[in-house]
Structure formats: structure tokens, C-alpha cells
């Protein structure tokens with residue numbers, strides 16, 4: 001075997017199409033753009049969604065739905081997650097910094113405690129919102145549920 005005789009397998013490589021380099025190249029003249037019209041000119045750009053004059057898809061389909069600009073998005077944290085953290089790390093007081101530290105939320109997230117799971121430890125939780133079930137579960141074992149702004 002000689003390195004100077006190596007070549008790619010037949011059909012695995014193609015020559016680059018060199019446009020506008022004379023008639024001998026096979027891509028001279030109109031440079032594969034066809035004859036006349038906007039698309040043959042430099043600087044042409046088609047409108048987004050343009051379908052050649054046919055009614056575009058985004059106009060054929062009806063408007064649907066509603067996006068409430070005042071919706072408040074919460075990151076949900078369940079009681080079973082709090083119980084697991086309390087047991088693993090001996091935590092009795094949960095606040096926004098605790099949630100951030102253990103990757104339950106990020107810096108700007110609003111946190112809401114949800115009612116899935118059971119709490120057996122007396123814990124104090126401070127966050128943005130609670131479900132009714134979560135609040136009663138926390139308070140039933142002697143804990144406190146505080147709402148922060």
C-alpha cells in the first residue's frame with residue numbers, strides 16, 4: 001500500500017458547482033438562475049411564507065386561542081420532594097434560597113408548593129404560593145406555610 005495512490009471511493013465525492021465562470025463550466029450565462037424575473041436579480045429575497053401568489057398557509061388557517069399577558073408562571077414543588085430533602089439533608093426551613101441551592105428552581109422563578117406526597121417532619125416553608133392541600137398538610141404536622149412577595 002502506498003499513500004500516494006489512495007483516492008476516495010467512486011461516487012463518494014462531487015465537484016463543487018462553480019457558478020458564473022464562463023460557458024465552458026456549464027454554469028455560465030444565466031448562472032443557474034433562469035432567464036429574467038426577480039429571482040434572477042441580485043439582492044432578491046422572497047417574503048417569509050410566500051407561496052408564489054397562492055394564499056399562504058398562515059392565512060389559510062384560522063386564528064385560534066388566547067395568550068393571557070398577565071398569567072403568572074410558577075415552578076411546582078411537591079411535598080414528597082420537600083420530605084426527601086428534609087430527610088436527606090436535615091432541613092427544617094425551606095425558602096427560595098434553599099430551592100435554588102438544591103436545583104428545584106432558578107433565581108427568578110416563582111415557586112408554588114403542590115400537595116402530592118406526605119410530610120412527616122415539622123418544617124417551615126416560605127415561597128410565593130401554596131395549594132390548599134399542601135398548606136393543610138404542612139400545618140397538620142405543626143409546620144408553617146409563609147407566603148412571600
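The values are calculated or read from the model by the stated rules, or taken from the named source; none is laboratory data. Note that the structure is predicted; figures quoted are calculated from it, not measured. Neighbour counts run over all protein chains shown; Cβ positions are idealised from the backbone, glycine included.
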Scope region 31-66; condition within 35 Å of the chain's Cα centre (by Cα), under 30 Å from residue 17 (Cβ atoms) and assigned to a loop (DSSP other than H, G, I, E, B); matching residues: 43, 44, 45, 46, 47, 48, 49, 50, 52, 53
Looking only at helices (runs of 4 or more DSSP H) that fall completely inside region 73-141, which ones have 3 or more residues that are in contact with a helix residue (DSSP H, G or I) (Cβ under 9 Å, 6 or more places away or on another chain) and free of Cβ contacts under 8 Å to residues at least 12 places away in the same chain? none
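Rundown of residues vs (1) crowded, with 17+ Cβ neighbours inside 10 Å; (2) out of contact with any strand residue (DSSP E or B) (no Cβ under 6 Å at 6 or more places or on another chain), yes/no style:
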site	(1), (2)
38	no, yes
68	no, yes
79	yes, yes
112	yes, no
127	yes, no
136	no, yes
141	no, yes
147	no, yes
Being closer than 16 Å to residue 123 by Cβ and at pLDDT below 95 is the filter here, so list the residues in region 103-112 that pass it. 104
